[in-house]
Every structure is written in C-alpha cells, then in structure tokens.
1. Considering each residue of the range 244-280, count those that are within 19 Å of Phe57 (Cα to Cα), without any contact (Cβ under 8 Å) to a residue 60 or more places away in the chain and in a helix (DSSP H, G or I), and give that number.
2. If you take the residues in the range 188-202 that are in a strand (DSSP E or B) and farther than 10 Å from Thr177 by Cα, which one is modelled with the lowest pLDDT?
3. Filter the range 47-81 down to the residues that are surrounded by fewer than 19 Cβ atoms within 10 Å (Cβ to Cβ) and assigned to a loop (DSSP other than H, G, I, E, B) and list them by number.
4. So Lys385 ticks every box in (1) farther than 30 Å from Leu93 by Cα; (2) surrounded by fewer than 14 Cβ atoms within 10 Å (Cβ to Cβ) but one. Which box is left unticked?
5. Limited to the range 120-158, what total is found for residues that are surrounded by 15 or more Cβ atoms within 10 Å (Cβ to Cβ), polar (S, T, N, Q) and more than 19 Å from Lys181 (Cβ to Cβ)?
6. Just to check your reading of the model, which residue among Tyr360, Tyr318 is modelled with pLDDT of 95 or more and surrounded by fewer than 19 Cβ atoms within 10 Å (Cβ to Cβ)?
7. Please state which of the following conditions Trp99 fails to meet, knowing it meets all the rest: (1) touching a Gly at 6+ places or on another chain (Cβ under 8 Å); (2) closer than 17 Å to Leu283 by Cα; (3) aromatic (Phe, Trp, Tyr).
Amino acid sequence: MSNPSPARPTSRIQSIDILRGAVMLIMALDHARDFFHIHAFDDDPTNLATTTPLLFFTRIITHFCAPVFLLLSGTSAFLAGQKRTKSEQSIFLIKRGLWLVVVEFLVITLGWTFNPLYNVFIMQVIWAIGWSMVILGLLVRSSGTVIFITGLILFFGHNVLDFIQVPQQGTAGVLWTILFKASFTFLPIGENRGFLDVYAILPWTGVMLLGYSMGRFFLPSYGQSERRKVLAKLGLSLIALFVVLRYLNIYGDPKPWSVQKDGLYTFFSFINVTKYPVSLLYLCMTLGISLLVLAAIEKVQNKFTGILIIYGRVPFLYYVMHFYLMHLVAVVLFFATGHGANEIVDPQLPFLFRPMHYGYDLWVVYAVWLFVIVVLYWPCKWFNKYRSTHRQWWLSYV
C-alpha cells in the first residue's frame, strides 16, 4: 500500500459525492430526533424493551453517517494530496484538522446548545475528524504503508482494550477516555462548566487512515470496473466478518446480542452494535454495506443523484447550517406550544429551548427533517457553484 507516483485526478468521482450527500441528509434525521422527539433524552431508541420498529430504524439508519464521512474524508484527503508535496499535504491537514476542532468548540457547540456562555463544549464527530486529520497530517510524511498498517491496527485492534484494565482516574484516565473510551463522558473544568466528550478519537482515526489508503483505487489509472470489484470484495468481506464475530459474541463489541421476543427483535439485537465508543462490529456492519453501495452507484446518474451530489460537495457548510436551522425551528415550536422563558434552561440538559420532557411524535421529527434538508438545498447549491468558480484560499477549509 505504498504511495503511487503523484497523479492528478482529472475529475471528481461522483459516487463519493453521492454517498457523502446521502449520509449527510440521513445524519440530519438523527439530529431532528434529538431536538424534537418526545423520548429523545429519557429513553434509548435502540432499547428493545421499549422501542418500535420505526423508531429503531430511525436510529439505526443514521449509524452509517459517521463511518462513511470519516472514510470518505480520508479518501478525499488522498486525492487532494495528489496536487501537493508531502510537506504541503502534511501542513494543510494539520491546519485544517485544528481548524475543525476550533469550529467544533465555538460554532457547532453553539448550534447544538444556543448557549453563548458555553457552559458545555461538545466534542462530537467534527472533533474526531479534526484530530484524525492532524494525525493523518503527521503520518503522510512517512509512507502509505505506515498509514495503512496504523489504520489496520486501530480499526481491527481497538476492541482488545475491552479486555484490559485501563486508567480510570487522573490525567491518564482523562487521556484514555479522550483517545479510546469516550461515551457521552462529562469532563468538568470548573463549576458548571466542562466538556461533553462523545467521540473517542483513535478508533475513528483508524477509519480515516483506511479511507486514505483506499484513495489509490480512485486514481485515474485505476479502471472503473476494477475499482467496483475491489470495493464490492472489501464490502462483502467486512459484512462476513461482522456476521461471524457477531454470531460468536466473542470479540468486536462489548454488548452481546441475544434471542428476543420474536424474530424481528432478535434481528434488531443482532445489528444493535455499539457506537459510543465505536466498536469494530459497528464499523464492519456500516462500512461493509456502504462500500457495496459505493460500488453500485458509480454508474448511476439521475436527478436524485444530482441532488445528492450538491449536498455531498459542500458537507461542511451543510453540517453547520443544519444545526442552526433545526434549533431555530425548535425555538419557534417551543414558544408556539406554550412554553415560557422560565423553561428555556433545563439543568438536566445542555441545550436551551429543549427541556427534558419536551417533544413530539415521530411523524413531527420526519416533517421537520424534510423541511430542513429541503430549505438548505438552495444555499448548498449556491455555495457549490461559488466554490467551483472561485479560488480563495479559505475555500479549502470550508
């Protein structure tokens, strides 16, 4: 998996943009559920004792978003790097990664909470992408082989830590949490202030590194037919590994499956793998299916895929805007349904205008989700056109 000689991609690979656009839209569904579903914070949508098939589907379909986005971020970094020297690519990735961390703290956190005092800083997927880019930026100075092997170790080996006693207290415990074990972990930094660490960094870094290694399949020198075969084989291999390891219940996920009240709920148990912190089986299931989709859609071109491409080419802008628009809708509905100023802050949650026992049935969640993604189509379309016709330096960071 050593780096091939530099080559300049002649055009964008539309299947990457299509898949990325699809997962960006699906991702917004999960955030709509967070903001608007009545049981978003007092129950788990994958709790088999209380969930419904539609609610379970609403959550499980969004499991594909973060893995695909990390994988394709790595692939895109590889392709963009063909236009730069190793040194230039390293500096760019490190700077962009640190920029994303700052954006997570100051821009995304504010979109989530609407709290200008920043009592809680949220460390979520942009945080994980940012630090993964920094690590990738350091590794690109080595070789493709080093990146590939490091990605393999992190991807397939991080669940070994489930069997090891790890630090729980002090600085070592905090670092271990940040790197490997974060799961909505609150890290206080003073009275009524702290960090909510949702995404452990290094398991996700493994996904980005393997996505970077996968980028060689998208070079112009690689035939479309050959690429599709490779992606399909990789996808089927990951799915097979998921089925075998999940059935055996011995490695890859700390939460074993079990027989439930009927066949459907037993199937739910089988695919109900762990996202926080992300498990190997979670990644195998989601990325296995996603690679099959990526192989299948390469020749697909129609009006719908054209729409998905728009979102897929400006994912950062869309990601930021959807939080603010969704939270604004929540504010409108908050006051429209009779809630008052005394309910804006709920001490149980870091989100303003979103009390613990507030929300609606699932159909409202889907309605708001559709409203948000439709409204954001036009600014995304405008920005995609603007970026394609302008060359300002800051556009590569957005």
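1. Qualifying residue count, the range 244-280: 4.
2. Of the range 188-202, the ones in a strand (DSSP E or B) are 188-190, 193-197.
From what's left, farther than 10 Å from Thr177 by Cα: 188-190, 193-196.
Values: Pro188: 94, Ile189: 92, Gly190: 85, Arg193: 94, Gly194: 96, Phe195: 97, Leu196: 97.
Among residues in the range 188-202 that are in a strand (DSSP E or B) and farther than 10 Å from Thr177 by Cα, the one modelled with the lowest pLDDT is Gly190.
3. Asn47, Leu48, Ala49, Thr50, Thr52
4. Here Lys385 meets the rest and fails (1).
5. So in the range 120-158, the residues surrounded by 15 or more Cβ atoms within 10 Å (Cβ to Cβ) come out as 120-137, 139-140, 144, 146-148, 150-152, 154-156, 158.
Filter again for polar (S, T, N, Q), leaving 124, 132, 150.
Filter once more, so that each one left must be more than 19 Å from Lys181 (Cβ to Cβ): 150.
Residues in the range 120-158 being surrounded by 15 or more Cβ atoms within 10 Å (Cβ to Cβ), polar (S, T, N, Q) and more than 19 Å from Lys181 (Cβ to Cβ): 1 in total.
6. Numbers: Tyr318 fails: surrounded by fewer than 19 Cβ atoms within 10 Å (Cβ to Cβ).
Going through Tyr360, Tyr318 in turn, just one is modelled with pLDDT of 95 or more and surrounded by fewer than 19 Cβ atoms within 10 Å (Cβ to Cβ): Tyr360.
7. Exception for Trp99: condition (2).
The values are calculated or read from the model by the stated rules, or taken from the named source; none is laboratory data. Owing to the predicted nature of the structure, the values given are computational and were not obtained by experimental measurement. Every residue, glycine as well, gets a Cβ built from its backbone with ideal geometry; the counts of neighbours run over all protein chains shown.
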